[in-house]
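Accompanying notes for the structure given below.
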Amino acid sequence: MNRIIDMSCFSNASKDKAINEDYYLPPSSDCDSNIVFAIADGVGSTEHADLASKIAIQAIQRAIVEPNFSVDKAFFQAKKMIDTLNFRAATTLTIVHIIDSRVYIGHVGDCRLYFKNKNKFIQLTKDHTKYQELLDSGEHNMRNLKNHKERLSTVLTSALSNDIELKFDTLVKDFDEISDEDSVVMALMSDGAYKHWESRPKFSERTMGLPSAFSASLRRRIEKDIIDDYTFLGVKINF
């Protein structure tokens, strides 16, 4: 059975904001003792963004106590709960489900899941943003889009919402594809956290290898210049 040997998480609202629109599920267990964790970031252009992200995480909490939990079931449950709202609401959602030596990922929006490879964090999820869409189209190269990256990266092309059809990416990775020696280190971040990381993606080897150390260092960096609600969740798993 997999064992978490180090973990850390934090979440806070942006400067001068009363409500944090990010929510997260810390590492939890489904009925079969498999690890589940998740992050949701309410879409800021909707009035009840914090409620949408909260409902998405609550849906996962309900799903994990039922038999045969899966990423798909969690997304369908979250969509069903958000659909009951009588006002427009939307959120991003990224779920990680670890069964034996396999990682199942469900993702919509622009939160990011990374895994550690030596002294780097490699992004596993793909952002559902206008910037990424234009880049993927092949009609524009990175140099041409560079001056518009910041603006286009804030425009979501997909989310979990009660006024659009449910669509989400799924990804499966074996431990041997993302392991770092005898462990797997993964990190989930909302954009208010990873924008600080991506601007200077470097810490010491020891800090990179321990989510608790990484978390403390990243939080200090973020809180020098808070730009948005920020959430981090990191785990280190021995197998």
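The values are calculated or read from the model by the stated rules, or taken from the named source; none is laboratory data. Computed from a predicted structure; not experimentally measured. Because the Cβ atoms are built from the backbone with ideal geometry, glycine has one as well, and the counts that use them run over all protein chains shown. Calculation scope for accessible area: heavy atoms of the full protein, side chains included, ligands and nucleic acids excluded. Shrake-Rupley method; radii C 1.70, N 1.55, O 1.52, S 1.80 Å.
Observations, loosely collected:
- Membrane-span-like helices of the chain, defined as complete DSSP H segments with a Cα extent of 20 Å or more along the helix axis and a mean Kyte hydropathy of at least 0.0, are identified as 49-63.
- Accessible area per residue in Å² at 1.4 Å probe, computed on the chain: 50
- The alpha-carbon atoms of the chain, seen along their principal axes, cover 45, 45, 39 angstrom, with the largest extent given first.
- Mean Cβ neighbour count within 10 Å, used as a protection proxy, ranking 167-176, 19-28 highest first: 19-28, 167-176
- For Lys116, a cut-off of 17 angstrom between C-alpha atoms picks up these aspartates and glutamates, skipping any fewer than 8 places away in its own chain: Asp6, Asp174, Asp176, Glu177, Asp180, Glu181, Asp182, Glu198, Glu205.
- Solvent-accessible surface (1.4 angstrom probe) belonging to Lys236, in square angstrom, nearest 10: 40
- Result for the chain in a Gaussian network model with C-alpha springs under 10 Å: among Arg206, Arg112, Arg88, the largest mean-square fluctuation is at Arg206.
- Hits among aspartates and glutamates - C-alpha to C-alpha of Lys17 under 20 Å, sequence gap 8 or more where chains match: Asp41, Glu47, Asp50, Asp191, Glu223, Asp225, Asp228, Asp229
- Only helices enter the 222 nm calculation for the chain: every DSSP H run of n ≥ 4 contributes -39,500 (n - 2.57), and dividing by all residues gives -8500 deg cm²/dmol, rounded to 500.
- Long-range tail of P(r) for the stretch 2-58 (Cα pairs > 15 Å, %): 55
- Using only side-chain charges placed at the Cβ, +1 for Lys and Arg and -1 for Asp and Glu, the dipole size of the chain relative to its Cα centre rounds to 700 debye.
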